[in-house]
Every structure is written in structure tokens, then in C-alpha cells.
1. In the list A:Val478, A:Val503, A:Val457, which residue meets the criterion of being out of contact with any Asp or Glu (no Cβ under 9 Å at 6 or more places or on another chain) and assigned to a loop (DSSP other than H, G, I, E, B)?
2. Which residues, taken from the range A:415-430, are of a type in the set (Gly, Ala, Ser), more than 9 Å from every other protein chain (Cβ to nearest Cβ) and either in a loop (DSSP other than H, G, I, E, B) or open to solvent by 30 Å² or more (accessible area, probe 1.4 Å) (or both)?
3. Just the residues that are over 18 Å from the mean Cα position of the chain (by Cα) and assigned to a helix (DSSP H, G or I), please, taken from the range B:164-188.
4. Restricting attention to the range B:32-42, which residues are in contact (Cβ under 8 Å) with a residue 40 or more places away in the chain and surrounded by 18 or more Cβ atoms within 10 Å (Cβ to Cβ)?
5. Of all residues in the range A:210-232, which are outside any helix (DSSP H, G or I) and open to solvent by less than 10 Å² (accessible area, probe 1.4 Å)?
6. When only residues in the range A:129-152 that are within 8 Å of chain B (Cβ to nearest Cβ) and assigned to a strand (DSSP E or B) count, which is surrounded by the most Cβ atoms within 10 Å (Cβ to Cβ)?
7. Of all the residues that make up the range A:187-199, how many are in contact (Cβ under 8 Å) with a residue 60 or more places away in the chain and surrounded by 24 or more Cβ atoms within 10 Å (Cβ to Cβ)?
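The values are calculated or read from the model by the stated rules, or taken from the named source; none is laboratory data. Nothing here was measured: the structure is a model prediction, and the numbers come from that model. Note: ideal-geometry Cβ built from the backbone for every residue, glycine included; neighbour counts use all protein chains shown. To get the accessible areas, we keep the full protein, side chains included, count just its heavy atoms, and leave off ligands, DNA and RNA. Shrake-Rupley method; radii C 1.70, N 1.55, O 1.52, S 1.80 Å.
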Protein chains: 2
Amino acid sequence: MDGSFLVGGTKVSRPETFQASDPATGALLATEFSVSSAADVARACALADEALDSFRELAPEDRATFLETVASQIEQLGDTLIERAHAESGLTEARLNGERGRTCGQLRLFARVVRDGYWAGASIDPALPERTPLPRSDLRLRRIPVGPVAVFGASNFPLAFSVAGGDTASAWAAGCPVVVKGHPAHPGTSLLVGDAIRRAVEICGLHEGVFSLLQGASNNLGTSLVSNPHIKAVGFTGSRAGGLALLEIASTRPEPIPVFAEMSSVNPVILFPQALEARGAALGAAFVASLTMGSGQFCTNPGILLAVEGEGLDAFVGAAVAAIEGAQPQVMLTSAIHANFDRGVAALENHESVRLLARGAVPTGCNRGQAALFETSGAEFLKDYALGHEIFGAASLLVRCADLAEIASVIEVMEGQLTATLQIDAGDHEAARDLMPLLERKVGRILANGWPTGVEVCNAMVHGGPFPATSDSRTTSVGATAIDRFLRPVCYQDLPDEILPAVLRDANPLNMPRLREGTPD
Amino acid sequence: MDGSFLVGGTKVSRPETFQASDPATGALLATEFSVSSAADVARACALADEALDSFRELAPEDRATFLETVASQIEQLGDTLIERAHAESGLTEARLNGERGRTCGQLRLFARVVRDGYWAGASIDPALPERTPLPRSDLRLRRIPVGPVAVFGASNFPLAFSVAGGDTASAWAAGCPVVVKGHPAHPGTSLLVGDAIRRAVEICGLHEGVFSLLQGASNNLGTSLVSNPHIKAVGFTGSRAGGLALLEIASTRPEPIPVFAEMSSVNPVILFPQALEARGAALGAAFVASLTMGSGQFCTNPGILLAVEGEGLDAFVGAAVAAIEGAQPQVMLTSAIHANFDRGVAALENHESVRLLARGAVPTGCNRGQAALFETSGAEFLKDYALGHEIFGAASLLVRCADLAEIASVIEVMEGQLTATLQIDAGDHEAARDLMPLLERKVGRILANGWPTGVEVCNAMVHGGPFPATSDSRTTSVGATAIDRFLRPVCYQDLPDEILPAVLRDANPLNMPRLREGTPD
């Protein structure tokens, strides 16, 4: 691995470099990665702009084939990719194998979305020359890509939310060239995937500007990228501070642009009385499995538990405490994330309204996260709802409530979330239904009798939610409708057929789904 | 008319008042209108929040009936409404009759949109319990309203972009309660329409918080409204300065919210060589008809003409000059708008690169706009593209270009626009097609052989465009898809059927259109 980055199809090296480290040992990994300069950002964005018109007018079949070619090129990297991602992230090879499957599956899902053609939103209202008092023109609508998109890779999914992750796949599906800023924690993983993409661009004969990969650890790089006038939208997954900083840059540009930032969430889990009574202990064990998976480094990690006092809850707590105490420390992604986790846990430990229930096994070695479970009361939470702030990692807070009304009050003061989880038995259904309107206002996904970790990539997924879970609650960053973030409508009025885009010509040569007078044609 | 405003169903009076004036005479109109206080804003927004859950879960048929009832209540105001709107705006009664028809037609269009049900975006991916390596959960998506919406009425459409205009109609269609800040130039018109809505809310038995009308001329009122934590989105049509001020407030709230602001546009019209040669004089006369209609007070007014030098252009200019010189002065909406128009015209007149081609007849009386046509060259425009800034009113600038390439260069430096118009004959089609990718990047609607004024309310309309035409190019403020601005997706995972919202239950009791595995069920 030579440590270059990619400006279109060109591998570029620069004198300034940085290195990744193995979080499991703290040791620096050998390759020195070039840091992209402001001039590299400018060149990558200009190339993306040059690529836009040809890329956006590709036939759906050709854009779909490109997405599939990226997937197969990533698969062809084989164990090299998994080994590098393991060294840079500390995630297990089994997890990374699964994540690669998800990443390639996601690219293939968007290939299908592109072929299906609903994304174009084609809609035709034919002329009504006889209408009185005024005739109606012929009006046709299609959606086109917003333009080049900047994507910021996340640390916690070095494949699925990184260089060829959901933001990139959905932006390409919409027809947007993508300039990625790789996450500095996994530059080698980023470069391997970037190089696979570079080959796919070449194999498919596309304009090289369809993809660039910039690397570096400084905030300046991100600032130049989001400020570049060719960039028309931003995809980001990461911290609240990071997302808000990008929003600020994007909204104060001469031409403001949308930022789709997925930021923070504590994902309340509500344990209903009947479910607790029937299976409190089993729920406690299952909860800890979800909490500690991947060292708890998921945006959908269950960080808050809400339950009504009682015997069922005692059984839950007993099982959860036992499971936490048996939880083996796992390597966290970076030393900064590990230090933040320890700080957040210490703050809860020292909070006068919070009691420690259990810690995981004491870590030995570098950057191991020690799981933690705390408890407080609903009344105490309502006095200081900063207790509901995210601690990224395997830490959770049980809020013991007097009754279901107090649970509702606690949810009422919480900020926007990605998910809410209901543990319910038949006898809880009525109470759960009463809570639905409130939950719908607060979250993007409501699930029953499962755990929020594990986000299916499909048509009906919503991985989004009210602020600060995301910066735009009207969107999702996972699933087929993620493509909508990167499209804008254009109307064509009385244009001669030969000037119309193919999707709107009378003969419908691309055989795309269309509306006629607002209903399917 | 008693000069109150409406907080839900309650008519409220306050000691502080303001009056409207008749722009045709400058005289104050009799009624003293109460100014809403910060406490009134808070109460209206709290009521809107209270109304949200019942309003959003109305059966589509009931929400559609409400929209239709508003339309019929407005129609029942009869001539009273037209006379008051005429006195407050100076617009002709014929124009206002047409605008009332458009306003009521728009409400009925959204009633049909609500009944059709596509807005809910219902999508079902059934469980796949046998899938390997992991089973898939049952995942169902629907869209719900974002929450209460603040709407700012525009001065130039006292009916169609005001209290019961497109923003209000589309927000209600989505299920959002609406708090309107009436435009201070037409408070009587606003109150008449507001009172019609109040009656419709009562007739339909809805929660009173579905609608409030606040009145007043100060910016503080708008600031309190956009800052209120119950408000989740803003619709605005007006000036660039006004729109940007609201964006700033909305993006720096503790919870940022989207602002859909339609702001400014000069709507370039491109006169292609063959069209000019065939019908230069006829185009000149037709252009002036579009330019001077309604004293040019449309966001789609043709403010910039682009053409290649030649005999066809000479014929166009000759006819346009004659028509402008015969154009009778018309009353403008307010003295402030009239003064701004005169300032903008004077600035062009004094610009060293601009020559005056013609002025309309000299006005007598108050607030009459005197039409103006200027010219410059493509080379001069490229040196100072501030020449492309909007002058709200009947003023236009002809940019004489050396060739089609220079026309493209001029468009390249222009900001985002609502529309671009092509005047083309068969011999121009190839050149027009070459220009399409550039035009698509710049505008929301491209039309041929018509004029941009006149915005059809239909399924395929886009009244939007890249910044600064609007604050969010992914949306439209006119037409059926305007509803999309006010909806956000929620996913339901493995929820028991009895807890699911009706639109997603297995039996589909509302008979709504749904996707299954991403394609129509």
C-alpha cells in the first residue's frame, strides 16, 4: 500500500503524511498516508462537476451496472481488506465480513432502485388546449441529481458507512459524483476500497470525476470540501459536534447547501409491565447482548432503559447485572473514543442522582471498553435530562419509573432519537398504542420485541429521526429512500419531444414508471 | 370588520393596532387591526401542537373534506373579499377573481392528493424468517407530518400565496396545523379568509389549533413565531432579505428547522435565432404583455432577455419598445415596493454599461409603476453580473450576445432561478438541446414558446429552483408535490398489527396505495 489518495483516477502523494494506529496495541501501522491539500480538494470537486452531466444522464442500466461493479471489485479485495480493517478498527473479522456483505448488498440494492426507476419521479400532466377559462400547457416533471456530493466516512463502520457506504451508494444512485473524505482512523481501509472504486470507474468507462478519495486528519480539509462551490450536498455520520460544525459551514456559504448529518441517539428501550413479568430475566440477558455488541459502538446502541418498578424489573436487573459483570472488555475504535467513553462513564458515576449497577470485567491492554450499567429514577431524570446525553460505547442508564405516565414524561423531555424499542406482551398492547403518538414525534424507527442495533438495509428502513438524531428528519441515511436526499425536481413545460429528457418523452424509451395526472400511468 | 386576529377559534383584540392603506390613493383604510403579542404567538403555537395528533390521524376523507370546506367558505365571502383585496393591494378585480379561483382550486387539488394517498409513502417489506445468515424483521414505513408549520403570507398574491395559499394548503394536506403570520399590507383580506377558515374548522369539528392567524408589521412577530419550539417548519414567499433572515433564525434555534423560502428570480428568457427571425416582432409584443401584467409583480416575471444580435432581434426590440412606450402605469402593491422599484430602475439607468431602451407612459397618481426596458451586451454583463439581480416590478434587461456560446456564458454566471424560457423554432432545437444541461442546473422550470408568468397548479409543476430562487432546491411551493416538504418518514419494525397505524395494517382498512418490497402492491 503506497499511501496515496485519489483525485479522480490519479493517485496523488504529498509530503505531509499521517499514520493509522492499531487500537488493540496502540502501535502505529507502517504506511504513511499523504494528506490532501486545499488544491487537491479543489481539483477533486472540479472533476466531480465535470463528471456530473455525463454521469447523471447514464441510462439506469449503466448506472446500476457501475454500482454492481463497485460491489464486485470490493469483494475481489478478499482477506486483504478484512485484515486491514481489523488492524485499523479493532473490530473482529467476523463482524467485518458481515459488514462487507452489508456494504456490497447495499450497493446492489441501489442498483435495483436505479433500475426500478421510481427515483426519477417522472410525472406528466398533458396539455388541455380546450380547458376554460385558460388552456393548460403540457407539464412534465423529473428529478435530477443535486450535483456533486461530499461524503464523510464514519469511524464505527469502516466499510458500510465509509468510502463505499450508504451515503456514497445513494448519491451515486441519484446520479451525483462523490468526493469522499476518508475517516483518519482507517486510511488503509479507505484506500483499498477507493482503489476498488477507481477500477470500477475505469471498467465502466465513466468520467474519472465520479469519485475521489481525499485523506487527512485536520478539520481544514473538511471545511474546504464543504465550502467548495461545486459541492451541492453533504452526507455525514459521526458526532454531534462534527455534524453541527459542518452544518454551520454549509449554511453560511454564499450558496447554502443541505447537510445530511446522522449525529447522536440514546435509543430508549421501554420495558412494559407484562413483558417484564413474563420474561424479565431473559430480557435482561438479551439487552446486555445488544448493549455490548461491537463494544457498544453503534448509533443505535440502547443507551436508556425505561421501566416501571416491580418484580419483573428486579428479575431484569438481576440478569442484566450478571451479564454485564461477565462482559469481556473489547477493543474500541480509537483511543479518543475510548477516552470519551471513560469520561462519560465517570461523569455518570459521579452524578449524585445516579447509582452504578454493574461494570464489565476489568480490562487489561490498550483501549478496551469496560461495559457499565447505571440506574436513576424517573423523578431524578426529569430534574436533569442531560442524563439522556449519548455516551458512545457500552454504557446504559436504567430509569426506574413510578408508572407508565412517568415513562411518557421522561420521553417527552428527551431529544430526537433514531429509534425507540418496545418490549411488550399482549397485555401491554393498549399501553403501547397510547404511547405511539409521542414516540412518533421523537424517533425515526419504532420496534417491538427486538433490539435497536442491527439496521436492515431495505425499502422501508428509516435510519433517521428528529434533531439531534439527524440534521434533517425528513430523510434516512439507510435504505432505498436515502436516494431522495440527493434529487431535486425540474419541470418541463411545452418542450418539443426531441428536447425532453428520455424519461419524459412520449415514447418512454427507457420504460420508466411514470405518473399521469398524478396517478400511475 | 372588527380588526381582531385569531388564536385558534378565538377572536383576539389588543391595544396596539395598525392600519392598511389603499396603494392607489395612499389613504389609510378605516379598520384598526390588533397587533399580536409574543404571548399570542406562544398560545397559537401551543394550540397547534395540541391539535397535531388528532389532525394528523384524521382519515384522508375527513382531511380532504376540511380542505374543500375551506374552499367553499372562501367562495361564500363573495364580493366582500374581492373588494377588500382590491382596496388593500391595488390589484384589479378581474385578477383577484382569477386568483380566488386558483386558491380554491389549489385547496381542492390537495383534497384529491390527500384522498389518493401516495403522500403517506406507505411501504412494506414483510418478514423473511427463513433468510440466512440472519432472518429479516417485518419493516413498514409511512410518512407523518413534521408538526405545526408557520406560514408567512406574501404581498403579491393576497389570496393564492397568503392565508389559505399553497403553503397552508399543502401543510394541512400533510396533516400539519398551521399558524399564519398575515402580510401587513392586506390585513383585512387576511382576516376575511382567516374567518372563513375558522368557520370551516368549526363545521368539520376539528381541534381549533389547526389554524391561527396572527397579525402585525414588526419583525419581532415573525422572530417569535419561527423561534417557537412547537413550530417544526416554515413556509415563506417574499424577498431575499426576508427569507435569509428567517433561515438564520431557524438554523440557530436549539432545534434547527427547515425553512422553505421562495425568494428571488429574474427568469431568463432566451430568444433563439430562428424564432427571432420568424417572429421577432410578435415575440416583442408578447414579451411586454408578460412583463407588464400585474405591474410586473410576479416572482416569475421575465427580468432578463438573452439574444444573439441580428435582424430578428432588431424587430423584437422595435416591437417591444413600442409596446413598453404604450404601457399604462399600474398601481403597485405598496409604497415600499413602488419605491424599491424606482430605486432599482434608477440604478440600472445610471449604470455605465446599461442603456435605456424605453419607459412606459408617465404615471400620474400614487404608487404607479412605470415600465422600463434596458439593454447591455453579453461582454458587459459578464463583467458585472450584479446586473442580474431582481428588480421587483415591470423592468427588464436585454443582454445582446455575440453568439449562443456567449449566451451560455451569461447563464453560467447567473444565480439559481425559478424558470428559464426558450423561444425556439424547429431550426433552434439542436442549440436548445445543447443548452439543457446548463439550464437544468440553474432553474426549477424550463418552458418553451410561452412566458414564465402563469404558474399552473398541477401534479408536475415545480415552483422552486436552486438558491437564491429558493432556500431548498429539492422542493416546490406550488403543485401537488409541495406536500412533500411537510412530511417525514417513520419505520415500524415487528409491531403487532393492532398497534400499527391504519395505513400499514395488514388489512389496509383505508385502502391506501402501498409499496411491497419497493414496488406497487
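1. Working: A:Val478 fails: out of contact with any Asp or Glu (no Cβ under 9 Å at 6 or more places or on another chain); A:Val503 fails: assigned to a loop (DSSP other than H, G, I, E, B).
On inspection, the qualifying residue turns out to be A:Val457.
2. To start, the set of residues in the range A:415-430 that are of a type in the set (Gly, Ala, Ser) comprises A:416, A:420, A:426-427.
Subset that is more than 9 Å from every other protein chain (Cβ to nearest Cβ): A:420, A:427.
Once the filter is applied, which keeps residues that are of a type in the set (Gly, Ala, Ser), more than 9 Å from every other protein chain (Cβ to nearest Cβ) and either in a loop (DSSP other than H, G, I, E, B) or open to solvent by 30 Å² or more (accessible area, probe 1.4 Å) (or both), the range A:415-430 yields only A:Gly427.
3. B:Pro187, B:Gly188
4. Filtering the range B:32-42 for residues in contact (Cβ under 8 Å) with a residue 40 or more places away in the chain gives B:33-36, B:38, B:40-42.
Of everything in the range B:32-42, those that are in contact (Cβ under 8 Å) with a residue 40 or more places away in the chain and surrounded by 18 or more Cβ atoms within 10 Å (Cβ to Cβ) turn out to be B:Phe33, B:Ser34, B:Val35, B:Ser36, B:Asp40, B:Val41.
5. Filtering the range A:210-232 for residues outside any helix (DSSP H, G or I) gives A:211-218, A:228-232.
Correct list: A:Phe211, A:Ser212, A:Leu213, A:Leu214, A:Gln215, A:Gly216, A:Ile231.
6. Among them, the one singled out is A:Leu141.
7. Taking the range A:187-199 and keeping what is in contact (Cβ under 8 Å) with a residue 60 or more places away in the chain, we get A:187-189, A:191-199.
So of that shortlist, the ones also surrounded by 24 or more Cβ atoms within 10 Å (Cβ to Cβ) come out as A:187-189, A:191, A:193-194, A:197.
The qualifying residues number 7.
Yes/no per residue for (1) of a type outside the set (D, E, K, R); (2) touching a Phe, Trp or Tyr at 6+ places or on another chain (Cβ under 8 Å):
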position: B:Gln328; (1), (2): yes, no
position: B:Asp342; (1), (2): no, no
position: B:Ser396; (1), (2): yes, yes
position: B:Val399; (1), (2): yes, yes
position: B:Glu406; (1), (2): no, no
